[in-house]
Every structure is written in structure tokens, then in C-alpha cells.
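Inspection log for the structure reproduced underneath, given as C-alpha cells.
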Amino acid sequence: MNIKENFDKILKILPDTVKLVAVSKTKPNELIMQAYNMGYRIFGENKPQELKRKYDELPKDINWHMIGHLQTNKVKYIAPFVELIHAVDSIKLLKTINKEAIKNNRVINYLFQIHVAKEQSKFGLSCSIIEDIISSEEFSTLKNVNLVGLMAMATNTTNEELIANEFKEVKNCLNKLKSTFFADKEDFKELSIGMSQDYQIAVKQDSTMVRIGSLLFGSRDIV
């Protein structure tokens, strides 16, 4: 497997406006270092303990993104260093991230995860619940977390029209939240949509961040 070729191929397709989050979950440090030595710095993990271990073992200028479902009792592992948390799906989790951010004397950037897929097994909130959270007094007290956009996973299907419509729903929600709450907040703009199987559809729907693993590092290792 030629990692460089894989990265070059994807980066060639992606517009400059779209960040590539290289999903390195289950992959060994050696593969991550191959990408790092080519100059790549943004990596995504979905298990907090694995993310912490890799942070400890690998160069400190890597931008680590937490892309998987995050339990409140695991936030402490990643709070000192995580660059962006993609999947905040409750006010409870957000309050825990804020508390751990205070302990580490930093502000942690995050995305709300919106649920648009047909599978109920996928996590996320509706756009109206996100609006309710943002409007709440509780939300306004959280000073050590910074909302920069939305993340979503589309239905796992070959129906490209369905996927495109789901991504459109996320984009519409982002635009609505922007105009209602964050018109003057320049960094509220991230749309983390698109993975290996549907990133090209996501790019057409104005994705700013795609999370790609298997197309870069080969098929997923089972752990």
C-alpha cells in the first residue's frame, strides 16, 4: 500500500476549502508517521484512550480530532490537547468538556453532531434541539468551549440522492444557526460531513471537513 499515493489522490480531488481529517483509528504509529513525514498533520481518532496513547507517543505538532461518540467519563483523557471534538450530542457532554477545559486552562473547539441518517443507531441531535441548547441560559455560562460548526453522518446507502439530501439538511441547519445566533462569529463555519464512501457528495454540499480513513490507510483493522 502506498500511503503517499493515497493522500495525493484525495488531496488532488479536494478543493482548498476542505480540510482532510485522516482517520487513523486502529492504525499503528508507523502508518501515521508515514503520513506525518509527508507533511500531514490532521488526524482523527474515535477512542479516547487510543487517542491519548498516540498523543503521548507521536510528535506534538499533530492536530488531533476526536471524531467518534464520546462518553462523559472519557473526556478527561483528551481534554489537555484535543484540537477539535466532532461529535457533541448532549448538553451534559458539553458541560463535562467545559469542566475539563477549565482544569486544563484552555478553550476546546467542538461541533454539534446533527442526526440526519435513517439509521437510529447513529448519534446526534435535531436542528431544533441544537437551537434550544444554544438559546439556553446553561449554554451561555460555558466559557471554555467554542462551537465552530456541525458534524453529521449520512445513511450508509448507495442512494446518492438520499445522501445529498441529508448533507443538504446539515448545511441548511448550519446556515440557520449562523444567521440566528452567530452572524458575527467568523469561526462558526465548519461542516464536517463526508467519509470515504461519500466525501465527493459532501464536497458538493459545501463540506469544509471530510473524515477519510480506508481510502488513505487501507481497510479498517478490527480491534
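Just so you know, all these numbers are worked out from the coordinates, no wet-lab data involved. All values derive from a computational prediction rather than experimental measurement. Ideal geometry is used to build each Cβ from the backbone, glycine not excepted, and the neighbour counts take in all protein chains shown.
Structure summary
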quantity: Cα-projected label distance for Thr26 with Asn156, points at 7 Å along beta-carbon direction, nm; calculated: 1.1
quantity: Partner aspartates and glutamates for Lys204 [C-alpha distance under 17 Å; skip if fewer than 8 residues away on the same chain]; calculated: Asp16, Glu160, Glu161, Glu166, Glu169, Glu190
quantity: Where Rh is the Kirkwood radius over Cα pairs, Rg/Rh for the range 1-115; calculated: 0.99
quantity: Computed lengthening from Ser219 to Ser90, 0.36 nm per intervening residue step minus Cα-Cα distance; calculated: 43.3 nm
quantity: Helix-only [θ]222 nm of the chain, DSSP H runs n ≥ 4, -39500 (n - 2.57) each, per residue, nearest 500; calculated: -11500 deg cm²/dmol
quantity: Filter on Lys52/Lys122; Lys118/Lys178; Lys4/Lys176; Lys27/Lys103 - keep pairs with C-alpha separation over 27 Å; calculated: Lys4/Lys176; Lys27/Lys103
quantity: Cβ-based exposure ranking for Lys54, Lys118, Lys12, Lys95, in which fewest neighbours within 10 Å come first; calculated: Lys12, Lys118, Lys95, Lys54
quantity: In nm, spacing of pseudo-spin labels at Asn63 and Asn2 (7 Å Cα→C-beta vector); calculated: 2.7
quantity: Ellipsoid equivalent to the range 1-65 - semi-axes via the Cα gyration tensor, in Å; calculated: 20, 13, 10
quantity: Gln120 versus Glu138: modelled label distance in nm, points set 7 Å from Cα along the beta carbon direction; calculated: 2.4
quantity: Packing-based exposure ordering (other Cβ within 10 Å, fewest first) of Met195, Met66; calculated: Met195, Met66
quantity: Coarse-grained scattering of the range 50-146 at q = 0.13, 0.17, 0.23 Å⁻¹, given as base-10 log I(q)/I(0) from a Debye sum over alpha-carbon atoms; calculated: -0.46, -0.76, -1.23
quantity: FRET efficiency, Asp16 to Asn165 (Cβ-Cβ, R0 22 Å, nearest 0.05); calculated: 0.25
quantity: Dimensionless Rg over Rh [the range 129-185; C-alpha; Kirkwood]; calculated: 1.07
quantity: Options Ile85, Leu31, Ala183, ranked by Cα towards positive dipole end of the chain, top entry (Cβ charges); calculated: Leu31
quantity: Charged-residue dipole, Cβ positions (Lys, Arg, Asp, Glu), the chain about Cα centre, Debye nearest 20; calculated: 520
